[in-house]
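A.B. asks: I am attaching a structure below and will ask some questions about it afterwards.
The values are calculated or read from the model by the stated rules, or taken from the named source; none is laboratory data. Just so it is clear, the structure is predicted and the values come from calculations on it, not from any experiment. Here the Cβ positions follow ideal geometry from the backbone for every residue, glycine too, while neighbour counts run over all protein chains shown. Ligands, DNA and RNA are excluded from the accessible area calculation, which covers all protein heavy atoms including side chains. Shrake-Rupley method; radii C 1.70, N 1.55, O 1.52, S 1.80 Å.
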Amino acid sequence: MALVQKLLNLVLPPVSLFILSLALPILFIFRILNYILTSFSSENITRKVVLITGASSGIGEHLAYEYGRRGAFLVLVARREKSLKEVAKRAAELGSPDVLVVCADVSKPEDCQRFIDEAVSHFGRLDHLICNAGVTSGCKFEETNDITNFRPVMDVNFWGSIYPTYFAIPHLRRSKGKIVVNSSLAGSFPTPMLSLYGASKAAMENFYETLRVELAGEVKVTTVTPGFIDTEMTQGKHLSKEGSVKVEQEWKNTIIGAMPVMSAGACAKAIVNGACRGDRYLTVPSWYRVAFPFQFFCAELVAFWSRMDSRSTYNS
């Protein structure tokens, strides 16, 4: 067995590189052609049913407006009823023929089952599930007062997407629908101060990558990796090391620094366009995609830059 392992170690790397050298150009051309074709055959979502979690503010709020402009029926889910109703009113004014508001906590499986059931009971179907609800943590891992304070990060970001997905799949399978999951670049890159947040997003990405294979085309999955978007998070709202939700300008400056921030409206438009095209992956803004090859081929360089950047902003 040891001899077999040594043989594989010797043979597989060069063979794999040879195969990749042939496959990558073909794959690149295929993706360009596929992008062009799907751009001309984008899904018409008029009068289709779209459920959005975390819809009371930020990206979720603007997703409601964007889907509303395109004439979709909406199911808006969040904990803040007053904000939800304001978003629902605006989405209806923009063109949504009917908006259902459901107050719920995505970290509770019984709430997730309830809002999926209410959506299907009200509209009779479900076409797009947008898993957007999220919360971020805001300190270095070793600085936390009590590690259990950060349970909500995984409960909301990971389980808060898994629960509604589980209850929605039978309905999405019937409608040949789509799942759109809002992840983060922090799920792929080392980001000091956001270790647990990034871990929750990495877990989400791995789960939906596997789910895409299991569903085998019956339900399409679009994984969105936004960069810095103008939301409550980039305005300084985070779960502090004490376990309480705070809004702090200093935290915002530490995390974002001088990086440009994209508007939530522009981000939402890009996400809806990508979902309607049936994109498997979407990075917003798109220029962030240049970072992925560096992470794959030069992980040490990315880690070094991230460490230096965090030191300069943290100590400024």
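A.B. asks: Residue farthest toward the positive end of the dipole of the stretch 44-315, with Cβ of Lys/Arg at +1 and Asp/Glu at -1: which of 134, 281, 259?
C.D. replies: Selected residue: 281.
A.B. asks: Moving on to the next point. Would you mind checking which residues have amide H under 5 Å from residue 232's amide H? H placed 1.01 Å from N; only 5 or more apart, or other chain.
C.D. replies: 58
A.B. asks: Using amide H atoms built 1.01 Å from N in the peptide plane, name the residues 5+ places from residue 133, or on other chains, whose amide H lies under 5 Å from its own.
C.D. replies: Placed amide hydrogens put 53, 54 under 5 Å from residue 133.
A.B. asks: Do me a favour and compute the ellipsoid semi-axes for the stretch 44-315 from its Cα gyration tensor, root of five times each eigenvalue, largest one first, whole Å.
C.D. replies: The answer is 30, 20, 18 Å, longest axis first.
A.B. asks: If you don't mind, another one. Would you tally the net charge around residue 194, using a Cβ to Cβ cut-off of less than 12 Å, leaving residue 194 out, and scoring K and R as +1, D and E as -1?
C.D. replies: +2
A.B. asks: Name the long-range amide H neighbours of residue 108: under 5 Å, sequence gap of 5 or more, or other chain; modelled H, no Pro or chain starts.
C.D. replies: none
A.B. asks: With +1 on each Lys and Arg Cβ and -1 on each Asp and Glu Cβ, and nothing else charged, work out how big the dipole of the stretch 180-275 is about its Cα centre, in Debye to the nearest 20.
C.D. replies: 120 debye
A.B. asks: Report the one residue of 196, 149, 207 whose Cα lies farthest in the direction of the positive end of the charge dipole of the stretch 65-224 (charges on C-beta: Lys and Arg +1, Asp and Glu -1; origin at the Cα centre).
C.D. replies: Of the candidates, 207 comes out farthest on the positive side.
A.B. asks: Sticking with this one: Excluding ligands and nucleic acids, what accessible area in Å² is computed for residue 121 using a 1.4 Å probe, to the nearest 10?
C.D. replies: 100 Å²
A.B. asks: If you take the square roots of the eigenvalues of the alpha-carbon gyration tensor of the stretch 24-143 and sort them as a ≥ b ≥ c, do you get rounded (a/c under 1.5), prolate (a/b over b/c) or oblate?
C.D. replies: oblate
A.B. asks: Sticking with this structure for a sec: Please go through the residue pairs 140/269; 48/246; 108/201; 201/269 and name each one whose alpha carbons sit more than 27 Å apart in this structure.
C.D. replies: In this structure, 140/269; 48/246 exceed 27 Å between Cα atoms.
A.B. asks: What size of dipole, in debye to the nearest 20, comes out for the stretch 44-315 about its Cα centre when the only charges are +1 on Lys and Arg C-beta atoms and -1 on Asp and Glu C-beta atoms?
C.D. replies: Rounded to the nearest 20 debye, it is 800 debye.
A.B. asks: For the stretch 76-90, take each phi angle, set θ = phi - 60°, evaluate the Karplus expression 6.51 cos²θ - 1.76 cosθ + 1.60, and give the result in whole Hz per residue in order, putting x for glycine and proline.
C.D. replies: For the stretch 76-90, the Karplus-derived couplings read 9, 10, 5, 8, 8, 4, 4, 5, 4, 5, 5, 5, 4, 4, 5 Hz, x marking Gly and Pro.
A.B. asks: Can I ask one more? Pull up the cross-link candidates among the aspartates and glutamates for residue 178, meaning alpha carbon to alpha carbon under 16 Å and not fewer than 8 places away within one chain.
C.D. replies: Cross-link targets: 43, 127, 205, 209, 214, 218, 279.
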